[in-house]
Amino acid sequence: MNSKSLPGAVPALFPSAAERARLEDWLSLELAAARRRVQAGPVAPTIDMQQFRAELERFDFAEPRPLEDALRWAIERLEQGIVQMSNPRYFGLFNPGANFPAQCADRLAASFNPQLASSASSPVPVALESHVIRAVAQRAAFGDDATGHFATGGSEANYTALICALTAAHPHFSADGVRAFAGPVKFYTSRDCHIAWLKIAHQAGVGRSALRLVDTDGRGRMDPAALLRAITADRAAGAVPVMIIATAGTTGAGMIDPLHACADIAKQQALWLHIDAAWGGAALASNRLRGLLAGIERADSITIDAHKWFATTMGCAIFISRRADLLSEAFHASTSFMPSSISGVDPYLNSVQWSRRFLGLRLFLALAAAGWEGLGAHVERGVEVIERVKERLIASGWRIANDSPLAVLDAIPPAALGEVRALVRRVVASGRAWVAPTTFEGQDVVRICATNGETGMADVEALVAALNERP
Ligand SMILES: Cc1ncc(COP(=O)(O)O)c(C=O)c1O
């Protein structure tokens, strides 16, 4: 064998140490400058997409281009081509302006690129993630039996909950799927739930008709009497109820379902209780707000999205459960090529994913840098931002439809401002702020949510001015 015959590494992919250091320094400066422009600029995209698509066509990848040029081009287009979550006048869906420790975590993960499928490949990251999961579970008053893992988002964590509930509901589900059940499977959540549950039902093979959307109480919270009626009627018709999902912080209005009442019904009916706290779960960080989630400790499983109110980078969710045995049963697989196969420890044996990114470092570094106190202050700050918006809107003739204790407002404009959807279109098109239209208890509302940890009073005033501008 002639060892000299080996070609060198492709320099465009693996540059020299000096070139890499130069580009990294340059990139850090460019990103800082772009961030300053984004925070002061329009919130909505400004790009001409027709022109962009034409530009994109010219990337036929026949001739390599300098990485620096491609990076500059990508930064410029991202500046023009997305809704800017890091702009403090983004009052939108639950997408955060990412916190800095989490951004640093992504840099570390990208550099080391650990494979978190197995504890033998990544003993430190696997132990670190399970430490963070236990810390979050403790804030939810789960005991030492809490287990769980990081997921790509609330949808994956919620899907995991349904798989656990089905596995718990019948000893043969694991082998036979829904054929194990004596009748059609049903599971229950409020009609104000995050509607990804329909996709989850489809994915899990129980079918979309398995999802029962229970009525709300007129204030956006699941009505426990209606829940019990639905379960009773389904049982009488030969169906097999398996799970109740209570939402702690509904997507549209930040309402918290009655957690204790749902837990009582789940216990009485011997059903799995999942609490979808994808957004509202962040209240656990605040000593002042965590009481709002009383009852969460009675859940069989919980979803919390760290990439929502904990403001990590996308996508980073947490699934917590007391039933390590069920996770192992649902996701076990046996193979000889994996470096380790330890049930209850190796993430690939306990979760949906196999290869996995080091997501937990994002929340670990945020917690390490800010502590629960700092993370709690960030959450409380969001509630205060919304309080300020609320006072100003009420003073200028708006009505508030929801009474969420969390950081989201559903507001109804005075008649002179015209109908909700046209108003929202105007505000978004102006680039001055970003809000969303939605429906709350049958009424069109402007949904205003604090998601950016740096929103200040000037941003609140700018939002209110944009909302109050007449057509
Ligand atoms: C209550 C709730 N559950 C689930 C989800 C879905 O989470 P993800 O977008 O991270 O998949 C959301 C997203 O907004 C949500 O608000």
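The values are calculated or read from the model by the stated rules, or taken from the named source; none is laboratory data. The structure displayed is predicted, hence computed values, not measured ones. Positions of Cβ are generated from backbone atoms using ideal geometry, with glycine treated the same way; all protein chains shown enter the neighbour counts. Each accessible area value is taken on the protein alone, full model and side chains, heavy atoms only, with ligands, DNA and RNA left out. Shrake-Rupley method; radii C 1.70, N 1.55, O 1.52, S 1.80 Å.
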Looking at the range 129-136, can you tell me whether even one residue there is assigned to a helix (DSSP H, G or I), within 16 Å of the ligand (Cβ to nearest atom) and touching a helix residue (DSSP H, G or I) at 6+ places or on another chain (Cβ under 8 Å)? yes
Scanning the range 431-454 residue by residue, those without any contact (Cβ under 8 Å) to a residue 40 or more places away in the chain and either in contact with a strand residue (DSSP E or B) (Cβ under 6 Å, 6 or more places away or on another chain) or farther than 27 Å from C193 by Cα (or both) turn out to be V446
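For the range 256-270, name all the residues that are of a type in the set (D, E, K, R) and either within 16 Å of the ligand (Cβ to nearest atom) or buried (at least 20 other Cβ atoms within 10 Å of the Cβ) (or both). Explain how you work it out, then say what you get.
The initial filter retains those residues of the range 256-270 that are of a type in the set (D, E, K, R), namely 257, 264, 267.
Answer for the range 256-270, where residues must be of a type in the set (D, E, K, R) and either within 16 Å of the ligand (Cβ to nearest atom) or buried (at least 20 other Cβ atoms within 10 Å of the Cβ) (or both): just D257.
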Give me the residue from the range 342-376 that is open to solvent by 70 Å² or more (accessible area, probe 1.4 Å) and among the small types (G, A, S) and, out of that set, farthest from the chain's Cα centre (by Cα). S343
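Hey, among the residues in the range 271-287 that are small (G, A, S) and open to solvent by less than 10 Å² (accessible area, probe 1.4 Å), which one's farthest from G207 (Cα to Cα)?
We begin by selecting, within the range 271-287, every residue small (G, A, S); these are 277-278, 280-283, 285-286.
From the residues that got through so far, the ones that are open to solvent by less than 10 Å² (accessible area, probe 1.4 Å) too are 277, 280-283, 285-286.
Working: A277: 24, G280: 28, G281: 28, A282: 31, A283: 33, A285: 36, S286: 38 Å.
Going through the qualifying residues, I end up with S286.
Looking only at residues in the range 174-223 that are among the acidic types (D, E) and over 24 Å from E329 (Cα atoms), which one is most open to solvent (accessible area, probe 1.4 Å)? Don't jump to the end; show me each part of the working.
Looking only at the range 174-223, we keep the residues that are among the acidic types (D, E), and these are 176, 192, 215, 217, 223.
Now drop any that are not over 24 Å from E329 (Cα atoms), which leaves 192, 215, 217, 223.
On the way: D192: 34, D215: 84, D217: 61, D223: 42 Å².
Step by step, filter the range 174-223, then rank; the result is D215.
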Is the range 404-414 home to any residue that is open to solvent by less than 30 Å² (accessible area, probe 1.4 Å) and at positive phi? no
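Quick check: is even one residue across the range 6-17 farther than 30 Å from A462 by Cα, surrounded by 13 or more Cβ atoms within 10 Å (Cβ to Cβ) and modelled with pLDDT of 95 or more? Spell out how you get there, then give the answer.
Residues of the range 6-17 farther than 30 Å from A462 by Cα: 6-17.
With the extra rule that they be surrounded by 13 or more Cβ atoms within 10 Å (Cβ to Cβ), the set shrinks to 15.
Okay, now just the ones that are also modelled with pLDDT of 95 or more, so 15.
Yes: the range 6-17 contains one or more residues that are farther than 30 Å from A462 by Cα, surrounded by 13 or more Cβ atoms within 10 Å (Cβ to Cβ) and modelled with pLDDT of 95 or more.
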Counting only residues that are farther than 23 Å from E329 by Cβ and among the β-branched types (V, I, T), which one in the range 121-161 is surrounded by the fewest Cβ atoms within 10 Å (Cβ to Cβ)? V124
Over the range 103-120, the set of residues open to solvent by less than 40 Å² (accessible area, probe 1.4 Å) and either in a loop (DSSP other than H, G, I, E, B) or of a type in the set (D, E) (or both) is D106, P114, L116, A117, S118, S119
Can you list residue pairs whose Cβ atoms sit under 9 Å apart, with the first residue in the range 38-55 being closer than 9 Å to N87 by Cβ and the second being open to solvent by 70 Å² or more (accessible area, probe 1.4 Å)? Count only pairs 6 or more apart in sequence or on different chains. V38/L78; Q39/E454; P42/R432; V43/R432
Set A226, A253, A237: member being surrounded by fewer than 24 Cβ atoms within 10 Å (Cβ to Cβ) and more than 16 Å from A266 (Cα to Cα): A237
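I need a count of the residues in the range 197-236 that are within 16 Å of the ligand (Cβ to nearest atom) and within 24 Å of A401 (Cα to Cα).
6
When you check D325 against the structure, is it more than 16 Å from the ligand (Cβ to nearest atom) and of a type in the set (D, E, K, R), yes or no?
In short, yes.
Among the candidates A299, A311, A324, A306, which residue alone is in contact with a Gly (Cβ under 6 Å, 6 or more places away or on another chain) and surrounded by 21 or more Cβ atoms within 10 Å (Cβ to Cβ)?
Numbers: A299 fails: in contact with a Gly (Cβ under 6 Å, 6 or more places away or on another chain); A324 fails: surrounded by 21 or more Cβ atoms within 10 Å (Cβ to Cβ); A306 fails: in contact with a Gly (Cβ under 6 Å, 6 or more places away or on another chain).
Selected residue: A311, the only one of A299, A311, A324, A306 that is in contact with a Gly (Cβ under 6 Å, 6 or more places away or on another chain) and surrounded by 21 or more Cβ atoms within 10 Å (Cβ to Cβ).
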Mind checking whether some residue in the range 80-102 is part of a loop (DSSP other than H, G, I, E, B), open to solvent by 80 Å² or more (accessible area, probe 1.4 Å) and over 30 Å from G360 (Cβ atoms)? no
Inside the range 83-108, can you point out the residues that are away from the ligand (no atom under 16 Å from the Cβ) and hydrophobic (A, V, I, L, M, F, W, C)? F100, C104, A105, L108
Given (1) of a type in the set (D, E, K, R); (2) closer than 27 Å to R288 by Cα; (3) in a strand (DSSP E or B), where does D444 come up short, assuming only one miss? (2)
In the range 421-441, the residues that are within 28 Å of D217 (Cβ to Cβ), open to solvent by less than 50 Å² (accessible area, probe 1.4 Å) and assigned to a loop (DSSP other than H, G, I, E, B): V435
Is it the case, given these coordinates, that N113 is over 22 Å from A369 (Cβ atoms) and away from the ligand (no atom under 16 Å from the Cβ)? yes
Output for Cβ contacts, cut-off 8 Å, separation at least six or different chains, first residue at pLDDT 95 or above in the range 20-36, second among the charged types (D, E, K, R) and part of a helix (DSSP H, G or I), reads L23/E68; W26/E68; E30/R72; A34/E79
Based on this model, can you work out whether G291 counts as modelled with pLDDT of 95 or more, more than 24 Å from R179 (Cβ to Cβ) and not polar (S, T, N, Q)? yes
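Kindly provide the set of residues from the range 103-150 that are aromatic (F, W, Y) and either touching an Asp or Glu at 6+ places or on another chain (Cβ under 8 Å) or within 15 Å of L365 (Cα to Cα) (or both), ordered by number. Steps first, answer last, please.
The initial filter retains those residues of the range 103-150 that are aromatic (F, W, Y), namely 112, 142, 150.
If the condition is that a residue be aromatic (F, W, Y) and either touching an Asp or Glu at 6+ places or on another chain (Cβ under 8 Å) or within 15 Å of L365 (Cα to Cα) (or both), then F142, F150 are the ones that fit.
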Would you check if A34 is open to solvent by less than 80 Å² (accessible area, probe 1.4 Å) and touching an Asp or Glu at 6+ places or on another chain (Cβ under 7 Å)? yes
How many of the residues making up the range 295-316 are within 12 Å of G280 (Cα to Cα) and away from the ligand (no atom under 13 Å from the Cβ)? 1
